[in-house]
Each structure stands twice: as structure tokens, then as C-alpha cells.
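Q: So that we are looking at the same thing, I have put the structure below in C-alpha cells.
The values are calculated or read from the model by the stated rules, or taken from the named source; none is laboratory data. Computed from a predicted model, the values in this text were never measured in an experiment. Cβ sites come from the backbone with ideal geometry, for glycine too, and all protein chains shown count toward neighbours.
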Amino acid sequence: MPRNKSLKEEGGATATACVHGGEMIDYMTGSITAPIFQTSTFYYPYAIDSEGRYTDNKAPYFYTRLMNPTVRVAERKLSILEGTEDAVAFSSGMAAISTAVLETMGSRGHILSVRDLYGGTYSLFTEILPSLGHTATFFSRDEVENLDSLIRENTKAIYVETPTNPTLDIYDIEKIFAIAHEHGLTTIIDNTFPSPVNMRPHKFGADIIIHSATKYLSGHSDIIAGMVAGSNEMAGRIRNMQSVLGGSMDPFAGFLLDRGMKTLELRVRRQNDNAMHLAEFLEDDGRVNRVLYPGLKSHSGYGIARRLMTGFGGMVSFEVRGGVERARRFVKRLRIAKVAASLGGVESLVTIPSVTSHRQLSRAELLERGISPGLVRFSAGIEDVYDIIDDVSSALG
Ligand SMILES: Cc1ncc(COP(=O)(O)O)c(C=O)c1O
């Protein structure tokens, strides 16, 4: 990966766009940062005609569940970073995913999805969608060549997460989305792991780009938030669905998200570098069985990641020699990295997927997905890389 090339040349989110994109100046006060419009509703006299009826919506803001100026800054910023026409903010990543997916399903729809999904999304596809009369089929990386054969008459959408959690498999979204579009399907990607700094899926054919903004976009482990980016038409449809389902973002979360996104490029580039160095260190260390990081030449998705991504990301998974008990001891001994479920924050966070995020899977399912009991998932923070490596090395014992 040409790590020293500017993201502008590479087509990733630029530092300038992170700082200035979508921002507003409040002309009442001249405030350089967008104010927090902590209001549920907006003064609206000019939308009422002389008869007391509501006229055409001439004012942009009406009610915060529908749109809010502070939240709108974060929405405009993400659409600039993702290279789409618009974006919609949500109260959580799951609100964004469920609203966007339900919007595309129509009546008795079918969705094709990668198998390795975030647990909440997997439950949406296997429990909630069937209860509403929809169906889902899952495919693995080996089945991408035969994707055509899985498409049905009522298939509405293809859903991808890449790199996957926690094995960091890479799917060729350029290929998958081209097949999907030949069949007139809507293409959806959860771009949480790469963030727009490391991948801009719109140029590879993604119609709907989703984020758990809880992670890299906000970046400080202090809010729960979600976002969806897409065309004006798609964002409009999703916003209509959101206005009914109600998973809208609170203005204060919108402010923190906007503030976090200003440093997205800086943070993610540092996290990419920290993860790369950590992966290289671990690959040469005898106390670890295998290291999964798409930036390593030994990773099966390295070639695709080089083609599609502008950076390999801040997530590294590795198998501690000695199984789950050894892995438990390892994470407990870490001093800088903290054991916690989330990822993408400024602080390094670590989990053991087999006993946390993926504990609902049977042993056979875990092994089928390449999740060995001692697999550790490490979300690199922005700390000094030597401190991270020292911490990991001493905890390995
Ligand atoms: C890849 C991915 N997508 C979606 C989600 C759900 O997001 P949230 O927790 O913000 O609802 C998560 C949460 O961990 C995630 O890791």
C-alpha cells in the first residue's frame, strides 16, 4: 500500500474535507463551530397561510425527528467524504441498518448477504426479516463466482461487510456490485470498518453506504450513532422511512459526531499505521499462531484490499498460542489496551470474539468462520505505536 501518497490522489476522504466539509457558520453569532440546536421543534409562522393551514414546506427545519441543523452538518460532511449526494444520520448503527434494509425490501423481498456479519445485522436478517415475510440467503467468499445462481425473482438487495468481523476477510465489492447491478439489485455496504478514509465504496457501485458512527466516524467511544449515505433519491426514501420508524439522531450526538469527524483522517491514518506495525510485530512473534491483517502479504485478501482500499484499517486479529484461557490471561494483562466490545476509538480496545461478540455461535460454526477460541480482535488506537507493541508483548508473557 503506498502509504505516503496523499488521500486526494488515492480518492479517500481528505483531511480538508473532514475539517471543513458540510460546516456552517452561524450568522447570528459568527460561531466557528456549528451550534448545538438542542430543540425538538422550530418556529414556523411563515408556513401557515391566512386561513391557518400549513402551506408548502419553505423552511428547511420543522421537527428534529425529521431534520436538525446540527445533525445536518454531520450528514453533509459524511456525504462529501463518501462522495455521495446526501446522507442521513441515525440514533445508532442498527437503526441505520434496519431502516435502510427495510426500505429496500418491499413486500416479501429477498436479500443476499455475506455470511460474516455484525451480530445485530445477522439477527435482523435471520429473525426480524423472516417475521415480516422476507428472506435472506448468505454467501461466503468462495461463492462470489456463483452469485448469479443465488439471485431469485424477488431478490431486492445485496449486502456486504468488508473487512469482515473478526477474521478481516476481504470481499471484492467491485465484482459483487457489478453482478448485482446487472440484475437491477440495490447494493448495500456496511463501511464501518474501513471508514471513508480507507475505502469509498460509492465508486465501486455501492448504492447505500452504512456506518455505525459509534466507531471510527465519531472516534472517541462517547456516542451511539449511525449514518447512511447515498443518492438524493435514495437518502430521501430512507429519510421518509426513518421519519416513521423514528431512529433519528439527537442534536448533541450530532455535535459530537461532527466534532469527531473533523479528525477522522488524522486518526484513521494513525490507526492504520499502528495496526500495520502491530501486525508485522506479531507475525514475527512465536507466541502467536496466526495474524489476520489485510495489509500483510500473507493475508488471503491482500491483493483485493490493495485494489479497493486506500489504507488497510486499524483492526488486527490474532490467535494467541494456548487457546482461550491463554487469550483471557493475555487481555487481562494488557495495561494500555482496554477490554471492551466496541472499536474505532482513540484508545486501543481488545476482545475475544468466541466468548463475547460471537458467543451465540456453536463451536462448529465458529470454526467454520475461522474464529478459533483463542482469537483476539485488536482495535488499534492512536497511542504511540511502541507503547502498544510493548503492552502487547509484555501481556503475551
Ligand atoms: C460493523 C458493524 N456494523 C454495525 C454495528 C452496529 O452499530 P451500533 O452499535 O452503533 O448500533 C456494529 C457495532 O458493533 C458494527 O461493528
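Q: Against the conditions (1) away from the ligand (no atom under 16 Å from the Cβ); (2) modelled with pLDDT of 95 or more, where does VAL71 fall short? Just the number, please.
A: It is condition (1) that VAL71 fails.
Q: Is it the case that ASP169 is touching a helix residue (DSSP H, G or I) at 6+ places or on another chain (Cβ under 9 Å), under 22 Å from ALA89 (Cα atoms), within 16 Å of the ligand (Cβ to nearest atom) and among the charged types (D, E, K, R)?
A: So ASP169 fails the test.
Q: Looking at (1) in contact (Cβ under 8 Å) with a residue 24 or more places away in the chain; (2) surrounded by fewer than 18 Cβ atoms within 10 Å (Cβ to Cβ), find the lone condition where ARG267 falls short.
A: That leaves (2) as the condition not met.
Q: If we scan the range 117-124, do we find a residue that is farther than 26 Å from LEU168 by Cα and surrounded by 18 or more Cβ atoms within 10 Å (Cβ to Cβ)?
A: no
Q: To continue, here is another question. Which residue is nearest to LEU147 (Cα to Cα), if the candidates are limited to the range 107-122 and must be of a type in the set (Gly, Ala, Ser) and within 16 Å of the ligand (Cβ to nearest atom)?
A: Only one residue fits best here, namely SER113.
Q: Just checking, which of ALA87, ALA96 is near the ligand (Cβ under 10 Å from one of its atoms), among the small types (Gly, Ala, Ser), under 19 Å from MET234 (Cα atoms) and touching a Ser or Thr at 6+ places or on another chain (Cβ under 9 Å)?
A: After applying the criteria, what remains is ALA96.
Q: Which one of these does VAL197 not meet: (1) away from the ligand (no atom under 16 Å from the Cβ); (2) crowded, with 24+ Cβ neighbours inside 10 Å?
A: Result: VAL197 passes all but (1).
Q: Using beta carbons and a limit of 9 Å, which pairs, at least six apart or on different chains, have the first residue in the range 203-231 and within 15 Å of THR162 (Cβ to Cβ) and the second one within 9 Å of the ligand (Cβ to nearest atom) and acidic (Asp, Glu)?
A: From residues that are within 15 Å of THR162 (Cβ to Cβ), the pairs are ILE209/ASP190; ILE210/ASP190; HIS211/ASP190; SER212/ASP190.
Q: Here is a further query. Can you tell which of GLY313, GLY286 is of a type outside the set (A, V, I, L, M, F, W, C) and surrounded by 24 or more Cβ atoms within 10 Å (Cβ to Cβ)?
A: GLY313
Q: Can you name every residue in the range 101-120 that is at pLDDT 95 or above and under 16 Å from the mean Cα position of the chain (by Cα)?
A: VAL101, SER113, VAL114 - these are the residues of the range 101-120 that are at pLDDT 95 or above and under 16 Å from the mean Cα position of the chain (by Cα).
Q: Only one residue in GLY286, GLY374 is over 20 Å from the mean Cα position of the chain (by Cα), among the small types (Gly, Ala, Ser) and farther than 29 Å from SER123 by Cβ, so which one is that?
A: GLY286
Q: Would you be able to say whether some residue in the range 375-396 is modelled with pLDDT under 95 and not assigned by TED's automatic domain parsing to the domain that holds ARG115?
A: Checking the range 375-396: not a single residue is modelled with pLDDT under 95 and not assigned by TED's automatic domain parsing to the domain that holds ARG115.
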